[in-house]
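Undergrad: Take a look at the following structure, please.
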Amino acid sequence: MTLPVGELLNLSGKVAVVTGAAMGIGKAIAARLAEAGASVVIADINPEAAQKTAEELINDGYKAAHVQSDASKIEDAERTISQAVDVFGDVDILVNNAGIYPFTPAIDMTEAIWDKTIDINLKGTMFFCQAAARAMKDRGHGGKIINIASIDAFRPTGNVAHYDASKGGVVMLTKALAKEWASLGILVNAVAPGSIATPGTSASITGLSDEKKAALTRAFLEKIPLGRMGEPDDIAKIVLFLAGPAADYMVGAIIIADGGYLVN
């Protein structure tokens, strides 16, 4: 069946869960999915920020709910998906956006930093995917799972080896799950952003001087052919595409959105 153009991004009647959705890229994703008609569950470790984001969407006339959720905990993945079903009756879309990237040279890496990064970025992605896929299968329908990876999965930028390893894992996990679950109608894809201007980006380099922060920013911009940092909505628009009918033949794809960084 060929859908009219106006229906290709229509998510009316769908239920979406977005992790790390209280701010930054996750918040932008939640807003776009809500705008397209989805009921959105704002899952975030910060309950106050999650509630604020959900209330903003509701005040704008959209359907939203919030849940405190730690992406590193398997029980929170199961509880978050269950709450989406309890509140909105189903789950059709999962966006694994929650992630951390503490700036740490490998020579100074601690086991605690390594474990926390892998647990949130990779383990969390796996078990949120599993919980969502089980819910979709139990209800006899497919769905869309979109994982947020990173261009660091393809080219290390330096001093975030733990982050690079986790996002490389997300890329391969996306492909592996896509292969297993396509027959169930569960389509798993990913977006690999470049440098995006978010509060989390700033927080990740808080240990650096203003001079070093400025130098890092200049170095990044010099390598981006488009000449600017990305904005959260640059990623949100791609997630919207992957979540809707326009991407119904995409399985295991990794969409790079980096302003051309990797081709420079």
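The values are calculated or read from the model by the stated rules, or taken from the named source; none is laboratory data. Remember, it's a predicted structure, so these values are computed and weren't measured experimentally. Note: ideal-geometry Cβ built from the backbone for every residue, glycine included; neighbour counts use all protein chains shown.
Undergrad: Condition first: of a type in the set (Gly, Ala, Ser), part of a helix (DSSP H, G or I), surrounded by 18 or more Cβ atoms within 10 Å (Cβ to Cβ) and within 15 Å of the chain's Cα centre (by Cα). Now tell me which residues in region 146-182 satisfy that.
TA: ALA153, SER166, GLY169
Undergrad: Something else now. Of all residues in region 1-27, which are in a helix (DSSP H, G or I) and crowded, with 24+ Cβ neighbours inside 10 Å?
TA: Kept after step one, since they are in a helix (DSSP H, G or I), are these residues of region 1-27: 5-7, 24-27.
Residues satisfying the conditions are ILE25, GLY26, LYS27.
Undergrad: Find all pairs meeting these conditions: Cβ atoms under 9 angstrom apart; at least six residues apart or on different chains; first residue within region 143-154 and of a type in the set (Phe, Trp, Tyr); second residue surrounded by fewer than 22 Cβ atoms within 10 Å (Cβ to Cβ).
TA: Sorted first by the residue in region 143-154, then by its partner, the pairs are PHE154/GLY168; PHE154/VAL171; PHE154/ILE254; PHE154/ILE256; PHE154/LEU262.
Undergrad: Does region 41-63 hold any residues that are surrounded by 23 or more Cβ atoms within 10 Å (Cβ to Cβ), of a type in the set (A, V, I, L, M) and within 20 Å of PRO199 (Cβ to Cβ), and which are they? Lay out the reasoning, then the answer.
TA: Taking region 41-63 first, the residues surrounded by 23 or more Cβ atoms within 10 Å (Cβ to Cβ) are 41-44, 50, 53-54, 57.
Filter again for of a type in the set (A, V, I, L, M), leaving 41-43, 50, 54, 57.
Once the filter is applied, which keeps residues that are surrounded by 23 or more Cβ atoms within 10 Å (Cβ to Cβ), of a type in the set (A, V, I, L, M) and within 20 Å of PRO199 (Cβ to Cβ), region 41-63 yields ILE42, ALA43, ALA50, ALA54, LEU57.
Undergrad: Another question, if that's okay. For region 249-257, check the following and say yes or no: at least one residue is surrounded by 17 or more Cβ atoms within 10 Å (Cβ to Cβ), more than 20 Å from MET172 (Cα to Cα), touching a residue at least 12 places away in the same chain (Cβ under 8 Å) and not hydroxyl-bearing (Ser, Thr, Tyr).
TA: no
Undergrad: Oh, and also: Inside region 183-210, can you point out the residues that are under 20 Å from ASP234 (Cα atoms), part of a loop (DSSP other than H, G, I, E, B) and either at pLDDT 95 or above or among the aromatic types (Phe, Trp, Tyr) (or both)?
TA: Hit for region 183-210 is GLY194, nothing else.
Undergrad: It is to be established whether one or more residues within region 100-117 are at pLDDT 95 or above, hydroxyl-bearing (Ser, Thr, Tyr), out of contact with any strand residue (DSSP E or B) (no Cβ under 9 Å at 6 or more places or on another chain) and not in a loop (DSSP other than H, G, I, E, B).
TA: The answer is yes; a qualifying residue exists.
Undergrad: Related question: Does ALA149 count as aliphatic (A, V, I, L, M), out of contact with any strand residue (DSSP E or B) (no Cβ under 9 Å at 6 or more places or on another chain), closer than 30 Å to MET109 by Cα and at pLDDT 95 or above? Walk me through how you get there before you give the answer.
TA: On the way: aliphatic (A, V, I, L, M): yes; out of contact with any strand residue (DSSP E or B) (no Cβ under 9 Å at 6 or more places or on another chain): no; closer than 30 Å to MET109 by Cα: yes; at pLDDT 95 or above: yes.
Here the answer is no, as ALA149 does not meet what is asked.
Undergrad: Can you confirm whether region 235-257 contains a residue that is modelled with pLDDT under 95, within 18 Å of ILE148 (Cβ to Cβ) and in contact with a helix residue (DSSP H, G or I) (Cβ under 6 Å, 6 or more places away or on another chain)?
TA: No, because not a single residue in region 235-257 is modelled with pLDDT under 95, within 18 Å of ILE148 (Cβ to Cβ) and in contact with a helix residue (DSSP H, G or I) (Cβ under 6 Å, 6 or more places away or on another chain).
Undergrad: Sticking with this one: Out of the residues in region 64-80 that are crowded, with 18+ Cβ neighbours inside 10 Å and among the aliphatic types (A, V, I, L, M), which is farthest from ALA112 (Cα to Cα)?
TA: My answer is ALA64.
Undergrad: Given the residues ALA65, ALA54, ALA34, ALA49, which is the only one that is hydrophobic (A, V, I, L, M, F, W, C) and either in contact with a Ser or Thr (Cβ under 9 Å, 6 or more places away or on another chain) or assigned to a strand (DSSP E or B) (or both)? I'd like the intermediate steps shown before the answer.
TA: Details: ALA54 fails: either in contact with a Ser or Thr (Cβ under 9 Å, 6 or more places away or on another chain) or assigned to a strand (DSSP E or B) (or both); ALA34 fails: either in contact with a Ser or Thr (Cβ under 9 Å, 6 or more places away or on another chain) or assigned to a strand (DSSP E or B) (or both); ALA49 fails: either in contact with a Ser or Thr (Cβ under 9 Å, 6 or more places away or on another chain) or assigned to a strand (DSSP E or B) (or both).
Exactly one of ALA65, ALA54, ALA34, ALA49 is hydrophobic (A, V, I, L, M, F, W, C) and either in contact with a Ser or Thr (Cβ under 9 Å, 6 or more places away or on another chain) or assigned to a strand (DSSP E or B) (or both), namely ALA65.
Undergrad: Mind checking which pairs have a first residue in region 109-132 that is closer than 20 Å to ALA176 by Cβ and a second that is basic (Lys, Arg) and surrounded by 19 or more Cβ atoms within 10 Å (Cβ to Cβ), Cβ under 7 Å, 6 or more apart or different chains?
TA: Final answer for the pair search is ASN121/LYS167.
Undergrad: Residue by residue through region 156-198, note down the ones that are touching a Phe, Trp or Tyr at 6+ places or on another chain (Cβ under 7 Å) and under 17 Å from ALA106 (Cβ atoms).
TA: ASN159, VAL160, HIS162, TYR163
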